[in-house]
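The values are calculated or read from the model by the stated rules, or taken from the named source; none is laboratory data. Since the model is a prediction, treat every value here as computed from it, not as a measurement. Because the Cβ atoms are built from the backbone with ideal geometry, glycine has one as well, and the counts that use them run over all protein chains shown.
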Amino acid sequence: MAFLRRHRLVLTVAGTVAALWICAAAWLLRGAGNSLADGRDELDEARRGATPASLLDPTTESHLVDARGDFAQARKRLRSPVLMPLRVVPVVGRHLRSADRVVSSIDKATAVAQSGIDRLDRLSKEPMDSGPARLEAITELGRLMADTRVAMKEVDPGSPSALITPLADAVTDVARQRDDTLATLERAERATEALRDVMAGPSPYLLLGANNGEMRAGSGMFLSAAVVNFEGGTLRLGEVRPTQELILPAGTVAVGEDLRRNWPWLDPGRDFRNLGLTADFPQSAEPATAMWPHVPDGGPVAGVIAVDIDALRALLGVVGPVEVDGVTYDVDSVRGELLRNQYGRFGDGHDARDRRRDALGTVARAVFERIESGGWKLDEMATALTTAVQGRHLMVWSVEPSHAEAWAGVGADGHLTDRSLSVALVNRGANKADSFVDTTLTVEVEPGTGDRQTITLTYEISNTTPPDGPTYVVGPNIEGMVAGEYRGIVVVNLPAGTTDVEIEGVRPTLSGLDGPTVVVGGEVTVASGGTTKVVVTAHLGRGVEEVTLEPSARIPRTRLVLGGREPTVDRRRTIDLTAPLAAGVAGDGPDAEPQE
């Protein structure tokens, strides 16, 4: 009996110890999972809306430090002696080791990011007052990206094979994010190398000033032109000239087949103002480089840079206000001054028009001179340029193929892809009324037949142009129109393979191909105070599971509605058609674009 009692006691104690061990192991595993989740939340906070400038914000460093603390805690729990027996259990041990590897991989990637941010912080403190200093900074930035890419390659979360779904998904997700980061770093590194080549020069680029008051497709009308010369890290802007005075004889330059076929009555190859009729910027940039040698005092150029009012606005946020002819231009006033106020100040007539053009040119010149004088920070300039590129307010195209490929890789060349979706309103009223025109684009997608989907685009145009004001702004400048009336062509680019396209609410004028996309369009006329809707329905090509929504570059921006939600920033975004459309809004920060 004593033996049995002792045996039962041993079993009881053993059972109690086993139960306690199981509880402790479960507690450690759950704690490790919670720490991993907390760390990833911190990383998400650090990445949300990240820009070169925001990466150097103390809160970003705080998030990264907290994330590494969480990962360290997760690793400590996964490597606890309490869990060591589980590591030799065939199935459980494999999962435990894999979880440890995932945590270590994420922690290593975070450490790589911390190191890169530290180097960027030191680089941002270097002076940018001379050409050689800028070239060295750009070179160092390229080295930073290259070193970060090499370090990130070593992040290896292992294989998802033979793992339970949650852990397999975690391994796959970490590997995907690593690969995406590597691809982004490689593209950015190549763009940095191209930028250094251009800045080192000698590189004459054609600078086209796009006026958002008179819109084209994905940009303002190119109303001014100048040559900007880059050499030794410096830039020098030549005479700013109105493109109205640079019209070439008919047939001087041949444009691409799509541009010629879609817009034959406008003859884009002789008038810079009639470029930009396609949202595929390379189609406009290439003939622009061929046209410039034919203008008086023109010559060969290495590429084209297009800037609009919001590009200047972004640069003013970095270099500070500039004063031109007694008027101060800063981030708060430049839109209103260049879109509206200057026209009231100068009035109508040819003399007033010449003074107004000088104002546009001198503002751009003042901004460029401020850039050349230095005193700005590299991270802030990089953020401004990135923001401008994302909204199509700054576009760059190069004759040199390797440079052109680099700009395309970072989305700076304004090209369309075979998955692009773009809706534009091209001004045909010969006025500057676009800043008074509000537009809203609602995107809806429904399952179609087979593996095709039906897309419906509803484009609402509201014309708030006043019936009185400077004729140059409100019109009428075309016979048959009245003051305040808006006339335009709605141009819709759809992904390749799209069929059964129908457009309602317009007088159809356009149907065919535009670069890698399908294009359709038609004319609308909206009275002052009026509103109209244009509806496009189509069947997307087989297997199209995502589209790239191109920004409008309009001021005010086109309101976008996806699944009932509204993004706050007009930028290029990829929309996953296999998920709710509202997911395409995720990641937008506070609206930093006040509307005027």
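Is it the case, given these coordinates, that V301 is without any contact (Cβ under 8 Å) to a residue 60 or more places away in the chain and assigned by TED's automatic domain parsing to the domain that holds P268?
Values: without any contact (Cβ under 8 Å) to a residue 60 or more places away in the chain: no; assigned by TED's automatic domain parsing to the domain that holds P268: yes.
The answer is no for V301.
Between V240, V253, which is in the same structural domain as V389 (by TED's automatic domain parsing), in contact with a Pro (Cβ under 8 Å, 6 or more places away or on another chain) and under 27 Å from A364 (Cβ atoms)?
On the way: V240 fails: in contact with a Pro (Cβ under 8 Å, 6 or more places away or on another chain).
Only one candidate passes the filter, namely V253.
For the subset of segment 324-337 comprising residues that are at pLDDT 95 or above and not in a helix (DSSP H, G or I), which member is nearest to E214 (Cα to Cα)?
Per the stated criteria, the residue is S333.
Out of segment 529-571, which residues are closer than 30 Å to V482 by Cβ and either in contact with a helix residue (DSSP H, G or I) (Cβ under 8 Å, 6 or more places away or on another chain) or not polar (S, T, N, Q) (or both)? Steps first, please.
Residues of segment 529-571 that are closer than 30 Å to V482 by Cβ, as a first pass: 529-536, 552-559.
Those that are closer than 30 Å to V482 by Cβ and either in contact with a helix residue (DSSP H, G or I) (Cβ under 8 Å, 6 or more places away or on another chain) or not polar (S, T, N, Q) (or both): G529, G530, K533, V534, V535, V536, A553, R554, I555, P556, R557, R559.
Being buried (at least 24 other Cβ atoms within 10 Å of the Cβ), in a helix (DSSP H, G or I), in contact with a Ser or Thr (Cβ under 7 Å, 6 or more places away or on another chain) and not hydroxyl-bearing (S, T, Y) narrows it down to one residue among L312, L259; which is it? Give the derivation first.
Values: L312 fails: in contact with a Ser or Thr (Cβ under 7 Å, 6 or more places away or on another chain).
Checking each option against the conditions leaves just L259.
Do you know which of the residues in segment 568-596 that are at pLDDT 85 or above and under 16 Å from the mean Cα position of the chain (by Cα) is surrounded by the fewest Cβ atoms within 10 Å (Cβ to Cβ)?
T574
Kindly check whether there is at least one residue in segment 543-553 that is assigned to a strand (DSSP E or B) and over 21 Å from the mean Cα position of the chain (by Cα). Don't jump to the end; show me each part of the working.
Going residue by residue through segment 543-553, those that are assigned to a strand (DSSP E or B) are 546-549.
Among the residues that remain, those that are also over 21 Å from the mean Cα position of the chain (by Cα) are: none.
Checked against the condition, which is being assigned to a strand (DSSP E or B) and over 21 Å from the mean Cα position of the chain (by Cα), segment 543-553 yields no hits at all.
What number of residues in segment 255-280 are farther than 19 Å from V307 by Cβ and out of contact with any helix residue (DSSP H, G or I) (no Cβ under 6 Å at 6 or more places or on another chain)?
Counting residues in segment 255-280 that are farther than 19 Å from V307 by Cβ and out of contact with any helix residue (DSSP H, G or I) (no Cβ under 6 Å at 6 or more places or on another chain) gives 11.
From the list E550, E546, E504, exactly one residue is out of contact with any Lys or Arg (no Cβ under 8 Å at 6 or more places or on another chain) and of a type in the set (D, E). Which is it? Can you show your working first?
Values: E550 fails: out of contact with any Lys or Arg (no Cβ under 8 Å at 6 or more places or on another chain); E546 fails: out of contact with any Lys or Arg (no Cβ under 8 Å at 6 or more places or on another chain).
Only one candidate qualifies: E504.
Restricting the search to segment 265-281, which residues are surrounded by 21 or more Cβ atoms within 10 Å (Cβ to Cβ) and in contact (Cβ under 8 Å) with a residue 12 or more places away in the chain? Steps first, answer last, please.
Let us first name the residues in segment 265-281 that are surrounded by 21 or more Cβ atoms within 10 Å (Cβ to Cβ), namely 268-269, 272, 274-281.
Scanning segment 265-281 gives P268, G269, F272, L275, G276, L277, T278, A279, D280, F281.
Which of the residues that make up segment 184-240 are part of a loop (DSSP other than H, G, I, E, B) and either more than 20 Å from the chain's Cα centre (by Cα) or without any contact (Cβ under 8 Å) to a residue 40 or more places away in the chain (or both)? Break it down into steps so the answer makes sense when it comes.
Of segment 184-240, the ones part of a loop (DSSP other than H, G, I, E, B) are 201-202, 216-219, 232-233, 238-240.
Of everything in segment 184-240, those that are part of a loop (DSSP other than H, G, I, E, B) and either more than 20 Å from the chain's Cα centre (by Cα) or without any contact (Cβ under 8 Å) to a residue 40 or more places away in the chain (or both) turn out to be G201, P202, G232, G233, G238, E239, V240.
So, P300, is that one farther than 15 Å from G521 by Cβ and surrounded by fewer than 20 Cβ atoms within 10 Å (Cβ to Cβ) or not?
Details: farther than 15 Å from G521 by Cβ: yes; surrounded by fewer than 20 Cβ atoms within 10 Å (Cβ to Cβ): yes.
It is true that P300 is farther than 15 Å from G521 by Cβ and surrounded by fewer than 20 Cβ atoms within 10 Å (Cβ to Cβ).
In segment 241-256, which residues are surrounded by 18 or more Cβ atoms within 10 Å (Cβ to Cβ), outside any strand (DSSP E or B) and not hydrophobic (A, V, I, L, M, F, W, C)?
T243, G256
For segment 385-403, which positions are in a helix (DSSP H, G or I) and under 19 Å from G218 (Cα atoms)? It would help to see each step written out before you state the result.
Quick first cut of segment 385-403, residues in a helix (DSSP H, G or I) only: 385-390, 401-403.
Hits for segment 385-403 are L385, T386, T387, A388, V389, Q390.
Given the options S203, S224, name the one that is in contact with a Pro (Cβ under 7 Å, 6 or more places away or on another chain), modelled with pLDDT under 95 and on the phi < 0 side of the Ramachandran plot. Lay out the reasoning, then the answer.
Working: S203 fails: in contact with a Pro (Cβ under 7 Å, 6 or more places away or on another chain).
Criteria check complete, one pass: S224.
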